[in-house]
C-alpha cells in the first residue's frame with residue numbers, strides 16, 4: 001500500500017512522512033499536495049502569535065486539550081524561531097504536556113521557521129493543508145510574533161489570537177499598529193502578574209475605535225494558561241469569531257484570497273528558480289561585479305540588460 | 001540647475017528630495033541610482049539592531065556625535081517598525097538629541113519599514129547608497145531586531161552591532177542563534193541595571209566558541225548610552241572591526257556579494273511585476289478559484305499550467 005493510501009486510512013506514520021516531504025520540499029511534494037487538495041477546506045485554523053515568553057505554547061496546549069475533550073481532533077503546528085544561517089530550530093525549551101502528546105486525536109509538529117520569507121516557515125501553509133486533508137477539525141498554528149510573521153499568520157489562519165503578557169509593554173509599543181490590525185482576539189496571559197489589569201484596560205481603550213468598524217467585538221481575554229484559567233472563555237470567543245466570519249461571508253472571502261495568494265506564491269517561486277538559472281547562463285555575473293566595482297557599470301543598468309537579453313521585457 | 005547637479009554640490013535639500021524619490025520608488029528612481037552608483041563605495045556602514053526598548057536610538061546618536069567630533073560626516077537611517085497594513089511609521093516616541101540634528105555634518109532620516117520584505121525597509125539599501133554617493137563617511141542604520149530583519153542588516157552593513165538590555169533575556173532566548181550569527185559586536189546597554197553583568201557574562205561564555213572560528217574577538221561592550229558611558233570603547237571596537245574586515249579581504253568579499261544580491265533582487269522584483277500582469281492577462285483567476293473551491297482544480301496544477309501557457313517553463 002502506498003503512502004497516500006495509508007494517509008487516507010488515517011495512518012499517523014504516513015501523515016508524518018508526508019509532512020516531512022512537504023516541509024523539506026522534497027521532489028514530488030507539489031504532486032502530493034495537488035492530490036490531497038480535494039480533501040482540504042474543512043479544518044478551522046487558529047493562529048496564536050505574540051512575543052517570546054508570552055506563553056503561546058501553554059495556551060495552544062490548553063486550547064487543544066479542551067477541544068480534544070469536546071471530541072475534536074487537533075493538529076498543532078509550532079513554528080520555532082531559527083537561525084537563518086544554521087537552519088536549526090530552538091526546540092529545546094519546549095516542554096509539552098505529556099498527556100497531550102499521547103492523545104490519539106492530537107498531532108503535534110514543530111517546524112523551524114527557516115527565516116526564508118519572514119517568521120512563518122515557508123511551508124507552514126502547506127503543512128496545514130496536509131493536516132486539513134488528514135481530517136483534523138482544528139489546526140492550531142503557534143508562532144513567535146516578530147515583525148513580518150503576523151502577516152503570514154493572517155494569511156494562513158481563520159482566527160488570529162495575539163497574546164501579550166504584562167511585561168510586553170515595549171513590544172506592544174513597537175508592534176502596536178501591526179498587531180492591532182491582525183488580531184481577532186487579544187489575550188493578556190499570566191494575568192496574575194502586576195500590570196496585567198492595566199494592560200487589559202489599555203488594550204480595551206485602543207480597541208474601542210476598531211470595534212465600530214465591522215461589528216466584531218475584538219474581545220480581550222485574561223488568562224493564566226499554566227493554571228488553566230480563562231481557557232474556556234478564550235475558546236468560546238474563538239467559536240464566536242468562527243460564527244461571525246461564517247455569517248458575514250468573511251470566511252469564504254478569506255479562503256478565496258488564500259487560494260489566490262497561494263497560486264501567486266507558487267508561480268513566483270518557480271519563476272525565481274528559472275530566473276536564477278537564466279542569470280547564470282546568460283550573465284557572467286563575476287565580470288559584471290568587477291565592472292561595477294570599477295565604476296563602469298551599475299546594478300540597475302545590469303538588471304535591465306539581463307531582462308532584455310532574457311526576452312522578459 | 002537640476003536635482004543631480006545640486007546633489008553633487010552637497011545640497012542637503014537635493015539630498016532629501018532624492019532620498020524621497022528613492023524611498024517611494026517614484027518613476028525614474030532607478031535611473032537616478034544608476035547615475036549615483038559610480039560615486040558610491042566609500043562610506044562605511046554600521047548596523048545597530050536589537051529588541052524594542054534596548055536604546056538603539058540613543059546609542060546611534062552617541063556614536064554619531066563622537067564620529068562627528070572626529071570630523072567625520074554621518075548619515076543616520078532609522079528604520080521604524082510599521083504596520084504592514086497602514087504603512088504609517090511609529091516615529092512618535094523618537095526624541096532625537098537637538099544638538100545632533102543641528103550638526104552640519106549629520107543627516108538623519110527616518111524610514112518606515114513597510115513590512116514589505118522583512119523588517120528593513122525595502123529601500124534601506126538604496127537610501128544608504130544615496131548617502132554614500134553624497135559623501136558621508138559613515139552611515140548608521142538602526143533597526144528593531146525582530147526576526148528576519150537581521151539578515152537584511154547583515155546584507156547592508158559592514159559592521160553589525162547587536163544591542164541587548166538586562167531585561168531582554170526572553171528575547172535572547174528566542175533569537176539567540178540568529179543574533180549570534182550576525183553580530184560583530186555585542187552591546188549590553190543600560191549596564192547600570194540589575195542583571196547587566198550576568199548577561200554580559202552569559203554572552204561571553206556563548207562567544208568563546210565563536211571566537212576561535214575566524215580570528216575576530218566578538219567583543220561584548222557594556223554601555224549606558226544616555227549617560228554617554230562606554231561609547232568611546234564601542235567606537236574603538238567598530239574601528240577595530242573595520243580594520244579586521246579590510247585586512248582579511250572580508251570587506252571586499254562582502255561588497256561583491258552585496259552587488260550580486262542587489263542585481264538578483266532587482267531582476268526578481270521586475271519579473272514579479274511582469275508576472276503579475278501576465279497572470280491577469282492569461283489567467284481568469286476567479287474562475288480557477290471557483291474550480292478549486294469545488295475540488296476540480298488545485299493551486300499546484302494551476303500554477304504549472306500558467307507557467308506553460310506563459311512560455312516560462
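A compact table of results
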{"quantity": "Checking residue A:34 against (1) part of a helix (DSSP H, G or I); (2) surrounded by 20 or more Cβ atoms within 10 Å (Cβ to Cβ), the condition it does not meet", "calculated": "(2)"}
{"quantity": "Residue in the stretch B:166-176 that is exposed (fewer than 15 other Cβ atoms within 10 Å of the Cβ), more than 14 Å from chain A (Cβ to nearest Cβ) and either modelled with pLDDT under 90 or not in a loop (DSSP other than H, G, I, E, B) (or both) present", "calculated": "no"}
{"quantity": "Some residue of the stretch A:267-277 being under 19 Å from the mean Cα position of the chain (by Cα) and under 30 Å from residue A:156 (Cβ atoms)", "calculated": "yes"}
{"quantity": "Residue in the stretch A:112-119 that is farther than 27 Å from residue A:224 by Cα, out of contact with any strand residue (DSSP E or B) (no Cβ under 7 Å at 6 or more places or on another chain), in a loop (DSSP other than H, G, I, E, B) and modelled with pLDDT of 75 or more present", "calculated": "no"}
{"quantity": "In the stretch B:230-262, the residues that are on the phi > 0 side of the Ramachandran plot and touching a residue at least 60 places away in the same chain (Cβ under 8 Å)", "calculated": "none"}
{"quantity": "Test: residue in the stretch B:198-207 that is closer than 18 Å to residue B:142 by Cα and out of contact with any helix residue (DSSP H, G or I) (no Cβ under 6 Å at 6 or more places or on another chain)", "calculated": "no"}
{"quantity": "Residue B:305 vs. criteria under 17 Å from residue A:273 (Cα atoms) and either in contact (Cβ under 8 Å) with a residue 24 or more places away in the chain or more than 7 Å from every other protein chain (Cβ to nearest Cβ) (or both)", "calculated": "yes"}
{"quantity": "Options A:26, A:58: the member that is buried (at least 22 other Cβ atoms within 10 Å of the Cβ) and either closer than 22 Å to residue A:243 by Cα or within 21 Å of the chain's Cα centre (by Cα) (or both)", "calculated": "A:58"}
{"quantity": "Failed item, numbered, when residue B:48 is tested on (1) assigned to a helix (DSSP H, G or I); (2) at pLDDT 90 or above", "calculated": "(1)"}
{"quantity": "Residue list for the stretch B:224-241, filter: assigned to a helix (DSSP H, G or I) and either crowded, with 17+ Cβ neighbours inside 10 Å or outside the structural domain of residue B:46 (by TED's automatic domain parsing) (or both)", "calculated": "B:225, B:231, B:234, B:235, B:237, B:238, B:241"}
{"quantity": "Some residue of the stretch B:62-71 being farther than 30 Å from residue B:266 by Cα, modelled with pLDDT under 90 and in the same structural domain as residue B:223 (by TED's automatic domain parsing)", "calculated": "no"}
{"quantity": "Out of A:4, A:100, sole residue that is assigned to a helix (DSSP H, G or I) and either surrounded by fewer than 16 Cβ atoms within 10 Å (Cβ to Cβ) or modelled with pLDDT of 90 or more (or both)", "calculated": "A:4"}
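The values are calculated or read from the model by the stated rules, or taken from the named source; none is laboratory data. Not measured: the values here are computed from a predicted model. Every residue, glycine among them, receives a Cβ derived from its backbone with ideal geometry; neighbour counts consider all protein chains shown.
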